[in-house]
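This report concerns only the one structure given below.
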Amino acid sequence: MFRGLLRGKHGLLGLVALLLFASTFLVIHAHSASAAACTAPSTDYGNVTGLSVTLPATTTYRVWTRMAAPDTTNNTYLLEIDGANCYTVGGSTVPTYTNGTSTYFVNNTTNWISKTSSGTQIDVSLTAGAHTLKLIGNAAGVVVDRVILTQDTTCIPTGTGDNCANPPDTTPPVVSITSPANNASISTVTSVTANATDDVAVSKVEFYVDGVLKATDTTGPSYTYSLDPSTLSVGSHTLTAKAYDAANNNSSGSITFTVPDTTPPTISAISAGSITQNTATVSWTTNEASDTQVEYGTTISYGSATTLNASMVTSHSASISGLSASTTYHYRVKSKDAAGNLATSADGTFTTLAPAPDTTKPTVSITAPLNNATITTTTTVTATASDNVGVVGVQFLLDGSNLGSEDLSSPYSTSWNPIGVTNGTHVLAAVARDAAGNAQTTSITVTVSNPTYLPEDINQDGHVDLLDFSLLAAKFGQTGAGLGRADINGDNAVNLLDFSRLASKYGT
């Protein structure tokens with residue numbers, strides 16, 4: 001459209017004349033001057049003459065002028081139609097501007113004036129066809145940039161006045177969202193694009209999400225809006241583009257989109273409880289339903305994990321077993337929501353309890369010889385023993401005195417040579433001991449029945465002679481089991497003591 005400013009000797013008159021008809025806006029161009037029915041003011045403030053316009057129908061037209069005034073005194077101009085009708089347009093209703101400004105029409109609604117200075121509505125009956133308008137400056141600094149004639153006398157112009165087209169515009173724009181696609185998944189800031197067209201012109205496109213206005217774009221033909229999914233809830237949403245024309249006709253186009261869940265659960269209230277020597281229970285909560293797992297180990301590299309619990313809940317617990325007593329364990333928890341977002345907690349620690357004091361005695365029983373057995377020769381004494389923790393050793397006793405050394409490994413046994421023990425009844429016992437010092441004793445009664453031969457009569461032929469010396473010499477220096485009667489004094493060794501005893505009885 002043509003926009004121009006005409007400067008007079010004493011002021012500023014800006015003039016653009018515009019006619020509305022058949023839904024089309026026509027610029028009224030200036031031609032040569034013609035006779036005027038208006039009386040020119042004594043001071044030349046500028047004028048535009050010979051503005052010709054063709055009207056589509058014979059009817060009443062309302063004349064509107066978009067104008068601004070420097071003050072409340074200089075606020076009118078003269079409008080002459082067909083050289084016969086003169087109107088003093090403006091008056092106290094004309095908005096004023098600050099001297100020196102380059103923007104006169106800040107408020108595009110109140111700048112439209114359709115009355116004379118006396119308050120009379122400018123409604124003119126005109127025939128179809130060509131007509132001539134003339135604009136004459138009537139005061140210093142008055143600015144006029146648009147004049148429109150409209151058949152719709154109820155219409156109040158806004159903006160450039162396109163909303164008052166002739167005949168009234170009843171056709172809504174056509175609008176569609178071209179990006180993103182319908183049913184798109186949007187997880188990052190996305191540019192929404194809509195295309196809108198109209199038989200006259202699209203004035204704006206509004207963007208709505210779930211019925212809430214988010215943005216308005218007035219620059220086409222491609223209209224945009226930056227959609228930030230972080231401001232929306234997870235799930236399905238409706239995106240709508242609503243296009244308007246100057247007559248406020250509008251139409252909408254919508255798509256559906258989904259905001260996916262990309263946020264891991266929030267883990268809180270982590271604790272390890274119910275701690276024993278070898279078990280513990282780890283519990284925590286999440287802000288959304290998720291599965292359950294605990295990683296644990298004696299170092300921060302963990303190494304073990306509980307079985308994944310896929311029950312989707314917000315209160316979690318996992319039991320850990322097979323731990324060592326008096327040991328510090330590292331652990332961390334993991335939770336994954338239904339969308340597959342995994343959250344992992346920071347490292348935590350707990351220490352298992354020390355073992356409880358061992359107060360349980362071992363069990364022990366003598367397996368050989370049998371209770372009330374008669375012992376006539378060297379005998380292997382055996383016992384079985386067990387304990388809730390472990391048996392350290394078994395000590396055999398004869399009549400309360402140690403019978404050999406404590407046996408520290410199973411099977412528990414010792415060799416007993418009854419030679420030197422008085423014939424008769426004796427108590428044979430076994431004492432089992434564990435590492436905590438708990439001990440248990442069992443005993444049996446046995447009868448020792450040594451032969452009537454002298455102990456020095458090793459071969460028991462009734463004589464202490466060279467044969468006995470020979471048998472002793474064969475075993476001399478040996479210890480432990482298998483000594484037989486060569487161990488005359490029964491100290492589990494064949495030595496000089498045995499030799500001395502045999503020598504003392506030699507020849508008897």
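The values are calculated or read from the model by the stated rules, or taken from the named source; none is laboratory data. Because the structure is a prediction, the values reported are computed rather than measured. For neighbour counting, all protein chains shown are included, and Cβ atoms are generated from backbone atoms with ideal geometry for every residue, glycine included.
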Subject >> Single residue of the stretch 454-490 satisfying the filter (modelled with pLDDT of 90 or more, assigned to a loop (DSSP other than H, G, I, E, B) and among the charged types (D, E, K, R)) that is surrounded by the most Cβ atoms within 10 Å (Cβ to Cβ) >> reply: 487
**OP:** Determine whether the stretch 89-106 contains at least one residue that is touching a Leu at 6+ places or on another chain (Cβ under 9 Å) and surrounded by 17 or more Cβ atoms within 10 Å (Cβ to Cβ).
**Re:** yes
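The rows are residues; the columns are (1) within 60 Å of the chain's Cα centre (by Cα); (2) of a type outside the set (Gly, Ala, Ser); (3) farther than 22 Å from residue 158 by Cβ.
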residue: 61; (1), (2), (3): no, yes, no
residue: 67; (1), (2), (3): yes, yes, no
residue: 74; (1), (2), (3): no, yes, yes
residue: 82; (1), (2), (3): no, yes, yes
residue: 87; (1), (2), (3): no, yes, yes
residue: 92; (1), (2), (3): no, no, no
residue: 131; (1), (2), (3): no, yes, yes
residue: 145; (1), (2), (3): yes, yes, no
**OP:** From the list 193, 188, 127, 154, pick out the single residue that is in contact (Cβ under 8 Å) with a residue 12 or more places away in the chain and not assigned by TED's automatic domain parsing to the domain that holds residue 246.
**Re:** 127
**OP:** Could you pull out the residue among 381, 392, 421 that is of a type in the set (A, V, I, L, M, F, W, C), outside the structural domain of residue 324 (by TED's automatic domain parsing), more than 30 Å from residue 273 (Cα to Cα) and touching an Asp or Glu at 6+ places or on another chain (Cβ under 8 Å)?
**Re:** 392
Subject >> Spans of strands (runs of 3 or more DSSP E) in the stretch 272-382 with at least 2 residues in contact with a strand residue (DSSP E or B) (Cβ under 7 Å, 6 or more places away or on another chain) and loosely packed, with under 15 Cβ neighbours inside 10 Å >> reply: 280-297, 309-320, 342-344, 348-351, 363-368
Subject >> Sole exception among (1) at pLDDT 90 or above; (2) over 20 Å from residue 393 (Cβ atoms); (3) outside any strand (DSSP E or B) for residue 425, by number >> reply: (3)
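Test of understanding: among 325, 289, which residue is in contact with a Leu (Cβ under 9 Å, 6 or more places away or on another chain) and in contact (Cβ under 8 Å) with a residue 24 or more places away in the chain? Explain how you work it out, then say what you get.
Values: 289 fails: in contact with a Leu (Cβ under 9 Å, 6 or more places away or on another chain).
Within the list 325, 289, the selection yields 325.
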Subject >> Selected residue (only one of 315, 233 is at pLDDT below 95 and under 19 Å from the mean Cα position of the chain (by Cα)) >> reply: 233
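Can you find a residue that is in contact with a strand residue (DSSP E or B) (Cβ under 6 Å, 6 or more places away or on another chain) and part of a strand (DSSP E or B) anywhere in the stretch 149-161? Before you say what the answer is, go through the steps one by one.
Applying the first criterion (in contact with a strand residue (DSSP E or B) (Cβ under 6 Å, 6 or more places away or on another chain)) to the stretch 149-161 yields 149-151, 153, 157, 161.
From the residues that got through so far, the ones that are part of a strand (DSSP E or B) too are 149-150.
Checked the stretch 149-161: at least one residue is in contact with a strand residue (DSSP E or B) (Cβ under 6 Å, 6 or more places away or on another chain) and part of a strand (DSSP E or B).
Among the residues of the stretch 491-508, which ones are in a loop (DSSP other than H, G, I, E, B) and within 24 Å of residue 398 (Cβ to Cβ)?
Going residue by residue through the stretch 491-508, those that are in a loop (DSSP other than H, G, I, E, B) are 491-492, 494-495, 506-508.
Result: 491, 492, 494, 495.
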**OP:** Answer yes or no: is there a residue in the stretch 185-195 that is at pLDDT below 95 and surrounded by 19 or more Cβ atoms within 10 Å (Cβ to Cβ).
**Re:** no
**OP:** Hey, can you tell me all the residues within the stretch 410-435 that are closer than 13 Å to residue 390 by Cβ and surrounded by 16 or more Cβ atoms within 10 Å (Cβ to Cβ)?
**Re:** 432, 433, 434
Original post:
Across the stretch 162-184, what is the total count of residues that are part of a loop (DSSP other than H, G, I, E, B), surrounded by fewer than 23 Cβ atoms within 10 Å (Cβ to Cβ) and among the aliphatic types (A, V, I, L, M)?
Top reply: 1
**OP:** With the condition kept exactly as written, say whether any residue in the stretch 440-450 is in a loop (DSSP other than H, G, I, E, B), among the small types (Gly, Ala, Ser) and either in contact with a Gly (Cβ under 8 Å, 6 or more places away or on another chain) or in contact (Cβ under 8 Å) with a residue 24 or more places away in the chain (or both).
**Re:** yes
